[in-house]
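Throughout, read-outs are computed from the coordinates displayed, never taken from laboratory work. Source: prediction; values computed, not measured.
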C-alpha cells in the first residue's frame, strides 16, 4: 500500500514567486522537469537550486559513462529501498546500455554474474560503499586506475548524492508517477536497508569483498 506524501507537493500554480521562478528555470533547462525529491525541496528554493545544479553536473559532466553512473544510482536505489528511484533509473540504466538481466538481478536482490571489467568495478565499489561506508584498497584502486583521480572522486559524489536523493524520497514519501507500479517494496514496509550481494565470480575467478 502506498503511503501519502508527508509534505505538501505544490503545483506550479501553488508556488510562491521565488519557488515559481526556480521551477521555470529548471523546466527551461536541459533538466526539463522538477521531479523526485525536488518536489519537496522547492519549499527551500536555495536548497532546491543547489541540489539541481549538483545533480545536473553529476548526471551530465563526469568522466564516467552514463551506463556506469546509472549502475551506481540503481544500487543506491536498491540499497535504500526507494521505489521511485529504482523506477526512474532502472529504465534509464537499460536505455544507457546496461544489460536488462543485470538490472533485474539488482531489483530482485540476486547476486549478478559480472565478468571482470568496468561494470564489475563500479558494482564492487558502490556495493562496498553502500554496505560498509568504505571500499577496500583493491576495489578503490581498480576504479582509480581506470578512471583516474577525477573519476574516483566523481563516483564517490554520485553515490553520496543519490543516497541523499533516496533518503529524501523515502522520508517525504514522494509518490511514484501516476499509474506506475512499485518495482521494489518501499523502505517503510521493509523496515531495513537492503543487502547488496557480492557479484558472482566467473568459473575459476576468486570472489569479491
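I'd like to know how segment 89-159 sits against the 2.2 N^0.38 Å rule of thumb: what's its Cα Rg over that expected value?
Normalised Rg, Cα atoms only: 1.11.
Quick one: compute the contact order of segment 12-60, relative version, from alpha carbon pairs under 8 angstrom and 6+ residues apart, as a percent.
Value for segment 12-60: 30 percent.
Compute the whole-percent fraction of alpha carbon pairs in segment 66-190 spaced more than 24 Å apart.
Counting pairs separated by more than 24 Å, the tail of P(r) holds 23 percent.
Quickly estimate the mean residue ellipticity at 222 nm for the chain, helices only: each DSSP H run with n ≥ 4 gives -39500 (n - 2.57), and the total goes over all residues, rounded to 500.
One gets -19000 deg cm²/dmol as the mean residue ellipticity at 222 nm.
Against the longest principal axis of the chain, how steep is helix 137-172, in degrees 0 to 90 to the nearest 10, with axes from Cα atoms?
The answer is roughly 40 degrees.
Quick one: helix 45-60 against the long Cα principal axis of the chain, what's the angle to the nearest 10°, folded into 0 to 90?
Tilt relative to the chain: about 40 degrees.
For segment 120-180, treating each Cα as an identical point scatterer without solvent, what Debye log10 I(q)/I(0) comes out at q = 0.16, 0.23, 0.28 1/Å?
The Cα Debye sum returns log10 ratios of -0.58, -0.89, -1.15.
Relative contact order, percent, of the chain when contacts are C-alpha pairs under 8 Å separated by at least 6 residues?
It rounds to 31 percent for the chain.
Once you've got the GNM for the chain with C-alpha springs shorter than 10 Å, pick whichever of 34, 15, 164 has the biggest mean-square fluctuation.
Highest fluctuation of the listed residues: 15.
Length gain on complete extension for the stretch residue 104 to residue 11, per 0.36 nm per residue less the alpha carbon to alpha carbon distance?
Once the chain is fully extended between residue 104 and residue 11, it gains 30.1 nm.
Please check: in the Gaussian network model of the chain (C-alpha springs, under 10 Å), which one of 177, 111, 17 has the largest mean-square fluctuation.
The residue with the greatest mean-square fluctuation here is 17.
Any idea what Rg and Dmax come out to for segment 12-60 if you just take the C-alpha atoms, in Å?
That works out to 10.0, 30 Å for Rg and Dmax.
Would you mind pulling out the separation of the Cα centroids of segment 84-147 and segment 5-31, in Å?
Here the answer is 33 Å between Cα centres.
For segment 66-190, what's the relative contact order in percent, using C-alpha pairs closer than 8 Å and at least 6 residues apart?
Result for segment 66-190 is 41 percent.
What angle do you read, to the nearest 10 degrees and between 0 and 90, between the alpha-carbon axis of helix 17-28 and the longest principal axis of the chain?
That helix lies at roughly 50 degrees to the long axis.
For the chain, with a Gaussian network of springs between Cα atoms less than 10 Å apart, report the residue from 95, 189, 13 with the top mean-square fluctuation.
13
Over segment 45-121, with a single point scatterer placed on each C-alpha, what log10 of the ratio I(q)/I(0) does the Debye formula yield at q = 0.16, 0.17, 0.23 1/Å?
So the normalised log intensities work out to -0.61, -0.68, -1.11.
Averaging over all projection directions, find the projected area of the Cα convex hull of the chain and quote it in nm² with one decimal place.
11.9
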